[in-house]
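Structure first, commentary second.
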């Protein structure tokens with residue numbers, strides 16, 4: 001049997017259970033990343049709008065002084 005760095009044997013049920021949960025979480029994160037890529041464009045647009053509005057506000061403040 002192979003042993004992992006923590007010294008646990010791969011064949012033990014607790015380790016197999018942990019492996020399954022890890023795989024589940026990995027697949028979930030992959031799914032989230034796929035949706036993130038779609039959302040990133042929106043985020044970029046929103047961020048650009050926010051930065052633009054922030055800069056215009058700063059310029060207005062400077063002009064008022």
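Read the figures in this text as sums done on the coordinates, not as results from a lab. As the structure is a computational prediction, the values presented were derived from the model and not from experiment. Here Cβ is always computed from backbone atoms with ideal geometry, including for glycine, and neighbour counts include all displayed protein chains.
The table that follows gives values for the structure above.
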| item | result |
| --- | --- |
| q = 0.27 Å⁻¹: log10 I(q)/I(0) that the Debye formula gives for region 18-64, counting C-alpha atoms only | -0.88 |
| Residue 62-residue 40 FRET efficiency (beta carbon distance; Förster radius 25 Å; 0.05 resolution) | 0.20 |
